[in-house]
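Enquirer: Sharing a structure here in C-alpha cells format.
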Amino acid sequence: MTQEEKQIILETYKWIKVKKYVDDQSLSREERYKRLEKHHLEETNFLIDKIREVVKEL
C-alpha cells in the first residue's frame with residue numbers, strides 16, 4: 001500500500017468495502033436480529049482492524 005493510498009483511506013470513506021447484510025425472511029424475527037447483530041459486529045471489527053493496520057504502517 002502506497003503512502004498516497006493510506007492518506008486516501010484516512011481522509012475519505014472510499015476504502016470502506018464491507019459485505020452488505022442480506023436479510024432472510026424465512027427466519028424468525030429473533031434469528032434475523034441475531035444475524036444482523038453478528039453482521040454489525042463483524043463489520044465494526046473489520047473497520048477497526050483496517051484502521052489499525054493503516055495507522056501502524058504510517
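The values are calculated or read from the model by the stated rules, or taken from the named source; none is laboratory data. Predicted, not measured: the structure shown is a model, and the values here were computed from it. Cβ atoms come from the backbone with ideal geometry, glycine included; neighbour counts cover every protein chain shown. Heavy atoms of the whole protein, side chains included, go into the accessibility calculation; ligands, DNA and RNA do not. Shrake-Rupley method; radii C 1.70, N 1.55, O 1.52, S 1.80 Å.
Enquirer: Say whether the condition of being polar (S, T, N, Q), under 9 Å from the mean Cα position of the chain (by Cα) and either surrounded by fewer than 12 Cβ atoms within 10 Å (Cβ to Cβ) or outside any helix (DSSP H, G or I) (or both) is met by at least one residue in segment 5-28.
Expert: So far as segment 5-28 goes, no, none of its residues is polar (S, T, N, Q), under 9 Å from the mean Cα position of the chain (by Cα) and either surrounded by fewer than 12 Cβ atoms within 10 Å (Cβ to Cβ) or outside any helix (DSSP H, G or I) (or both).
Enquirer: Please enumerate the residues belonging to segment 37-58 that are part of a helix (DSSP H, G or I) and among the aliphatic types (A, V, I, L, M).
Expert: Within segment 37-58, the subset part of a helix (DSSP H, G or I) is 37-57.
Across segment 37-58, the qualifying residues are Leu41, Leu47, Ile48, Ile51, Val54, Val55.
Enquirer: Just to be sure I understand the filter: pairs with C-beta atoms under 9 Å, separated by 6 or more residues or on different chains, first member in segment 32-52 and more than 25 Å from Ile8 (Cα to Cα), second member among the hydroxyl-bearing types (Ser, Thr, Tyr). Which pairs pass?
Expert: Arg35/Tyr21; Leu36/Tyr21; His39/Tyr21
Enquirer: Taking Arg52 and the conditions (1) touching an Asp or Glu at 6+ places or on another chain (Cβ under 9 Å); (2) open to solvent by 90 Å² or more (accessible area, probe 1.4 Å); (3) closer than 30 Å to Thr2 by Cβ, which numbered condition does it fall short on, given that it satisfies the others?
Expert: Here Arg52 clears every test but (1).
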